[in-house]
Structures are given as C-alpha cells and as structure tokens.
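Q: The structure's right below; bear with me while I get my questions together.
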Amino acid sequence: MRGHFVGKGRVLITVMLTLLFFVAGMSEASAQGQELFETNCKSCHHPDKKVIGPKLRGTKAQWEEATGDASLIYTWVRNWEDAVAVSPYAATVAAKEGSAMKAFPSLTDADIDAIFDYVDNYVEPSGDEGGSGGGAGGTEGEEEGGMSYWWFILGGVLLVVIFAAAGVRRQLRQVQKVQTGEDDGQKETYGDILKAWAKENQGLTAAIGVVALFSLLVVSYGWLKGIGVYEDYNPPQPVSAFSHNIHAEINGIDCQYCHNSASDSKHAGIPTMNVCMNCHRSIEGASEEGKKSVEYLREMAGFDGVEYTGESQAIAWNRVYVLPDHVYFNHSQHVNVGGLECQNCHGPVEKMTTARIAKASELKPVGDIPENQLTRPTLTMGWCIECHNNTAVAVGADLDQDPGKVSYYEEIHRRLKKRSDIYKKYLDDEKITVRELGGWECAKCHY
Ligand code: HEC
Ligand code: HEC
Ligand code: HEC
Ligand code: HEC
Ligand code: HEC
Ligand code: HEC
C-alpha cells in the first residue's frame with residue numbers, strides 16, 4: 001500500500017522536473033526570439049502598438065487563417081516583395097501602410113518562429129520603453145518581462161503538484177489511521193495539514209513569510225513606479241552622431257525645417273532622407289564619428305559622392321514620443337491654433353543630441369504655469385490635463401497682427417461677456433482655460 005503511494009510521489013517529482021526543464025527550454029527560445037526581434041524588428045514594430053509598421057501580436061495566426069498557407073509569412077519577412085508577387089493578401093497588407101518593410105533574407109524559418117513566439121507571448125514590462133516606460137535598464141526589464149510569463153506558469157504547476165502531493169499524504173495518513181485503529185471518523189483537511197506542517201517547521205514558515213512579503217513589496221513598488229513613466233527615454237538611433245544641438249542651435253536650423261508638418265497636421269513628422277540630403281550632399285560633418293555618420297547617410301540615400309544611384313533605403317529612426325493607440329493628439333491644434341512652442345512640451349531639444357523625453361521640470365513654462373510647477377510626468381494623462389486646466393486660450397491675441405487666427409475665440413469671449421451672469425464661472429478669473437472650452441472632455445482625447 002505504502003509503496004504504491006511512494007511510487008506515485010516519484011512520478012509526480014519526475015513530471016515536475018520534466019516541466020521545469022521544458023519551461024527553462026522555452027525561456028531560452030523566447031530569449032533568442034527577443035534578441036532577434038530587438039535587433040531586426042523593434043525599430044519599426046511593437047507587439048501591441050503601431051510604430052512605423054503595424055503591431056505584430058497574432059499576425060502569424062492571422063496570416064495562416066487568411067491565406068491557409070503557413071509559410072507565406074516566412075516569405076514576407078525574408079523579402080516582402082516575393083510574398084506580394086504570389087499572394088493578394090500580402091499585397092493588401094503592403095498597400096495598407098505608407099512606408100515599406102525591410103527585407104531579411106538571412107532569417108531562417110526557425111528564427112522567424114522564435115520572433116513570433118516572443119511577440120505572441122510578450123508581456124509589457126514595467127518601466128520599459130515605448131508605451132510604458134523610461135529607457136534606463138530597458139533591456140533588463142524586458143528580459144524579466146519575457147520570462148515572467150513562464151514563471152507564472154511554473155508557479156501554477158508547482159502549486160498543483162504541492163496540492164496533489166499533500167492529497168497523497170492525506171490519504172496515506174488516513175490509511176495509516178485506519179490500519180492502526182486510530183480512525184476518529186474525522187477527515188483531515190488541507191488546512192489542518194498546513195497548520196501541522198507550519199507548527200513542525202516554524203523557522204521555515206517565518207522565512208517563507210518574509211520572502212513572500214518582500215517579493216510583494218518589490219513587485220508593487222515596480223508596478224507603481226512603472227505607471228506612466230516615460231521621462232528620459234532616449235533610444236539608440238541608427239545615425240548615432242545626429243545631433244539636435246549641432247543642427248538646431250549651433251547652425252540655427254528651424255525645428256520645422258525638419259519637422260515640417262507640425263503646424264498643419266496631426267503629426268510633426270520625422271524628416272525623410274531627402275531633407276537631410278538637401279544639405280549633406282555637400283556637408284561632410286566635422287567630427288570623426290560625424291563624418292562616418294554622414295557617409296552612412298549618403299550610402300543609405302544611394303549617393304555615391306557625385307550622383308544618385310537610385311538604390312536608396314529609408315533610415316529606421318526609433319520613435320521616442322509615443323502615446324497609446326487610444327489617445328488622440330494633434331500637433332497643429334497645439335502649435336498653430338494654441339500658439340505653443342515645441343519646447344513647452346518637448347523641453348530643450350536644441351541642447352540634446354538625439355531626442356530624449358524631457359522631464360516635466362525641464363519644459364518651458366506655459367502662460368500661467370510658473371517654472372517647475374507641472375507636477376505630472378511628461379506624456380501621462382495628468383500632464384495633458386494639468387496644462388489644459390492652467391492654460392488660457394489666446395482669446396486676447398492681436399487680430400491686426402494675426403488676422404483670422406483666433407477670431408473664433410474672440411467671438412466666444414465677446415458672447416460670454418454679454419451673458420456674464422450665466423458664464424460667471426468662466427469669467428471670474430478673467431481668462432478662459434482650455435479646460436473650460438472642453439479640454440477635459442474624455443472624448444476630445446480618447447477614441
Ligand atoms: C524599416 C521598418 C521595418 C522593419 C525593420 C520591419 N518591418 Fe515589418 N513592416 C513594416 C511596415 C511599414 C509594414 C506594413 C506593410 C508594408 O507597408 O510593407 C510591415 C509589416 C509587417 C508584417 C505584416 C503585418 C500585418 O499586419 O499583417 C509582418 C508580419 C512584419 N512586418 C514582420 C516583421 C518582422 C518579423 C520584422 C523583423 C525581422 C520586421 N517586420 C521588421 C516595417 C518594418
Ligand atoms: C539645413 C541643412 C542641414 C540639414 C537639412 C541637415 N543637416 Fe546635418 N549638418 C548640417 C550642418 C551645417 C552640420 C555641421 C557640419 C560641420 O560642422 O562641419 C551638420 C552635421 C551633421 C552631422 C555630423 C555631426 C558631427 O559630429 O560632425 C550628421 C551626422 C548630420 N548632420 C546628420 C543629419 C541628418 C541625419 C539629417 C536629416 C535628418 C541632417 N543632418 C540634415 C546641416 C544640415
Ligand atoms: C502640446 C504639446 C506638444 C507641442 C507644443 C509639440 N509637441 Fe511634438 N509631440 C507631442 C506629443 C504628445 C507627441 C506624441 C504624439 C503621438 O504619439 O501621437 C509628440 C510627437 C512629436 C514627434 C514624433 C513624430 C510625430 O509626428 O508624432 C515629433 C518629431 C515632434 N513631436 C516634434 C515637435 C515639434 C518640432 C514641435 C514644435 C513645432 C512640437 N512637436 C510641438 C506633444 C507636443
Ligand atoms: C536637421 C533636422 C532636424 C532639426 C532642425 C530638428 N530635428 Fe528633431 N529630429 C530630427 C531627426 C532626424 C529625429 C529622429 C532622431 C531622434 O530621435 O533624435 C528627430 C527627432 C525629434 C523628436 C522625437 C521624435 C520621436 O520619435 O518621437 C522631437 C520631439 C524633435 N525631434 C523635436 C525637435 C525640435 C523641438 C527641434 C527644434 C529645436 C528639432 N527637433 C529640430 C531632425 C531634426
Ligand atoms: C503645454 C500645455 C499643453 C499640454 C501639455 C497639452 N495641451 Fe492640449 N491644448 C493646449 C492648448 C493651449 C489648447 C487650446 C488650443 C486652442 O486654442 O484651441 C489645447 C487643446 C487640445 C485639444 C482640443 C480641445 C478642444 O476643446 O477642442 C485636444 C484634443 C488636446 N489639447 C489634447 C491634448 C493631449 C492628448 C495632450 C497630452 C498628450 C495635450 N493636449 C497636452 C495645451 C496643452
Ligand atoms: C487632454 C487629454 C485627455 C483627456 C481630456 C482625457 N484623457 Fe485619458 N488619457 C490621456 C492620455 C495622454 C493617456 C495615456 C497616458 C499614459 O499612457 O500614461 C490617457 C489614458 C487614459 C486611460 C488609461 C489608463 C492609463 O493611465 O494609461 C484611461 C482609462 C483614461 N485615460 C480615461 C479617461 C477618462 C474617463 C477621461 C474623461 C474623464 C479622460 N481619460 C480624459 C489623455 C486624456
């Protein structure tokens with residue numbers, strides 16, 4: 001009888017160890033997928049957000065379902081044009097976006113599987129880049145994020161095993177009791193067993209308690225800290241020597257020469273190669289690294305020093321400022337209509353090399369908000385609404401200087417003043433804030 005139960009215990013332990021190795025193996029594979037994703041795809045893709053290319057989670061299954069061909073996506077990743085040539089589905093995907101994907105001829109099927117495994121099981125780490133975090137320690141955080149999924153599964157499996165083992169023990173004791181005639185008819189519950197065990201092993205119980213409490217603290221601290229913290233994020237860029245300081249400050253180039261759609265569209269825009277080559281056909285760069293970077297730039301533009309060869313490739317700049325998909329933000333509303341400066345939201349970019357998300361304390365004060373008075377981290381919802389609460393719309397601007405620009409608000413202001421009894425709450429402080437005109441309405445910022 002006893003031998004039978006011990007045998008069962010062994011089986012359980014074997015199963016557990018096998019699972020442990022399996023999980024360790026999966027983590028290994030997912031770490032490889034992560035590395036491949038980060039070196040090849042991350043500059044344009046995120047598992048859950050649109051970057052330059054679409055979000056990638058679930059695309060492998062989607063492609064297989066839509067085309068019935070499991071290998072088409074490998075063709076796409078190795079050379080998307082080959083896939084377009086054979087599949088109308090691939091052609092629609094390629095036509096949907098403005099920009100094009102790169103080719104990765106050296107990736108094997110196994111590599112691509114590893115990438116999609118990683119993407120499909122991706123867990124947003126706290127304090128990571130892009131959507132949810134600061135740049136420092138990004139890679140470490142990600143590693144933990146990718147792994148933690150498996151730790152949860154492993155934890156669950158262990159729990160099941162522990163309970164199963166306890167169940168075996170319980171039955172074993174019951175049998176023993178019956179055999180020795182001690183049976184009092186009462187069944188032992190799991191709780192009783194746990195209590196008895198804790199009593200026998202007080203030191204160990206205390207240690208487990210301390211570890212559990214400590215882990216809880218660490219996890220919740222990381223979670224709280226991770227919320228909405230994007231500040232200081234400064235991803236590496238493909239043209240490493242590119243410097244805002246050299247261009248915008250030392251050479252006095254206007255921000256909107258390069259980000260030329262900020263004043264009349266939703267996006268400020270990242271300059272295309274043509275914009276750079278306007279100057280860099282002739283300007284070679286000063287520093288050693290700068291010269292190398294300009295050379296790389298020309299190579300990507302397909303410029304051989306005399307003429308264009310026609311073989312150009314886009315530079316995949318890494319996005320710095322990204323809001324989640326559910327938020328609507330419009331540059332022209334702020335830059336053109338609101339009359340704000342770039343530095344009000346992006347800080348002293350002209351002192352930076354590559355762009356970095358400025359801390360709220362670095363932002364140029366707006367209107368009535370004194371220096372260092374913004375209390376919420378840049379890019380969080382609190383940041384948007386704090387500014388909307390404190391900033392007056394420019395109702396009093398000089399219409400002679402800027403005809404037509406703010407007449408809409410002039411008119412509102414005029415009407416409000418006429419009915420000052422009703423609109424007292426708007427007028428009591430002699431200003432109309434963005435909030436009072438609807439800048440706190442959820443639907444203005446959320447789709
Ligand atoms: C230079 C930017 C860039 C890089 C790097 C890049 N992609 Fe793409 N990818 C795109 C764009 C843009 C699209 C949208 C389709 C198009 O316009 O060609 C896309 C589309 C895709 C699609 C189809 C998505 C859908 O909605 O069906 C898959 C799958 C994909 N990419 C996988 C990858 C993988 C895997 C890597 C890394 C090995 C990678 N991409 C690297 C830009 C890129
Ligand atoms: C309006 C002209 C202009 C445009 C447009 C322009 N640059 Fe420059 N760039 C300059 C000047 C001027 C310098 C300084 C050269 C010097 O000091 O010898 C420079 C320097 C550089 C350097 C070298 C820095 C160093 O350390 O020597 C790099 C790299 C560079 N630019 C990249 C770019 C990229 C990438 C773009 C497009 C996004 C771009 N530039 C667009 C004018 C321009
Ligand atoms: C009211 C705050 C605000 C002002 C003013 C502002 N920006 Fe932005 N900027 C943002 C936010 C928020 C994002 C992220 C948008 C997103 O993810 O949809 C952003 C994104 C960007 C991007 C990334 C690409 C893009 O188009 O989304 C660039 C480049 C940029 N801003 C440049 C500028 C320049 C240049 C100016 C001044 C002419 C400026 N911004 C003024 C808040 C601002
Ligand atoms: C010579 C062209 C050039 C000029 C001038 C320039 N930028 Fe940029 N900007 C770039 C390039 C290239 C990038 C992408 C690389 C990077 O992130 O630094 C960029 C990135 C940015 C970003 C981050 C975009 C993102 O991915 O979210 C912001 C914000 C920005 N610039 C603001 C400004 C402001 C403000 C000024 C004026 C003080 C300015 N830029 C002047 C070329 C330029
Ligand atoms: C530095 C101050 C400032 C910050 C930060 C800011 N805004 Fe604004 N916002 C303004 C001003 C000023 C206006 C009014 C423009 C005008 O005159 O219509 C405005 C207007 C708007 C409007 C139009 C409101 C309406 O009633 O039509 C939307 C939507 C908006 N902002 C979204 C955002 C989002 C989303 C963010 C954060 C990502 C943000 N803003 C951050 C200053 C700011
Ligand atoms: C001025 C613009 C603005 C307004 C108004 C606004 N939001 Fe947001 N909201 C944002 C931005 C920006 C984010 C993204 C913040 C982030 O990623 O940390 C956000 C995020 C959220 C989130 C996701 C949680 C989070 O922190 O990421 C929820 C839920 C939300 N908003 C609900 C609302 C509701 C409900 C209202 C109306 C009472 C509202 N929002 C009004 C800009 C706004």
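Q: Which one of the conditions (1) more than 10 Å from ligand 1 (Cβ to nearest atom); (2) touching a residue at least 40 places away in the same chain (Cβ under 8 Å) does E64 fail to meet, given that it meets all the rest?
A: The number of the failed condition is (2).
Q: Looking at segment 321-334, which of its residues are assigned to a loop (DSSP other than H, G, I, E, B), away from ligand 1 (no atom under 16 Å from the Cβ) and out of contact with any helix residue (DSSP H, G or I) (no Cβ under 6 Å at 6 or more places or on another chain)?
A: Of everything in segment 321-334, those that are assigned to a loop (DSSP other than H, G, I, E, B), away from ligand 1 (no atom under 16 Å from the Cβ) and out of contact with any helix residue (DSSP H, G or I) (no Cβ under 6 Å at 6 or more places or on another chain) turn out to be Y321, L323, P324, H326, F329, N330.
Residue by residue, here is whether (1) under 17 Å from the mean Cα position of the chain (by Cα); (2) part of a loop (DSSP other than H, G, I, E, B); (3) modelled with pLDDT under 55 holds:
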{"position": "D128", "(1), (2), (3)": "yes, yes, yes"}
{"position": "E140", "(1), (2), (3)": "yes, no, yes"}
{"position": "V157", "(1), (2), (3)": "no, no, no"}
{"position": "V168", "(1), (2), (3)": "no, no, no"}
{"position": "Q171", "(1), (2), (3)": "no, no, no"}
{"position": "E182", "(1), (2), (3)": "no, yes, no"}
{"position": "E188", "(1), (2), (3)": "no, yes, no"}
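Q: Considering each of S287, S240, S261 in turn, give the residue that is under 23 Å from the mean Cα position of the chain (by Cα) and more than 16 Å from ligand 1 (Cβ to nearest atom).
A: One residue alone meets the criteria, S240.
Q: Check off (1) assigned to a loop (DSSP other than H, G, I, E, B); (2) more than 30 Å from L379 (Cα to Cα); (3) not small (G, A, S) for I270 and give me the number that stays unchecked.
A: Here I270 meets the rest and fails (2).
Q: What is the residue count in segment 300-320 for residues that are more than 16 Å from ligand 1 (Cβ to nearest atom), loosely packed, with under 14 Cβ neighbours inside 10 Å and not aliphatic (A, V, I, L, M)?
A: Qualifying residue count, segment 300-320: 6.
Q: Of the residues that sit in segment 197-232 and are among the hydrophobic types (A, V, I, L, M, F, W, C) and under 30 Å from W383 (Cα atoms), which one is modelled with the highest pLDDT?
A: Residue satisfying both the conditions and the ranking: L216.
The values are calculated or read from the model by the stated rules, or taken from the named source; none is laboratory data. This is a predicted model, so every value here is computed, not measured. Glycine gets a Cβ as well: all are built from the backbone with ideal geometry, and neighbour counts include every protein chain shown.
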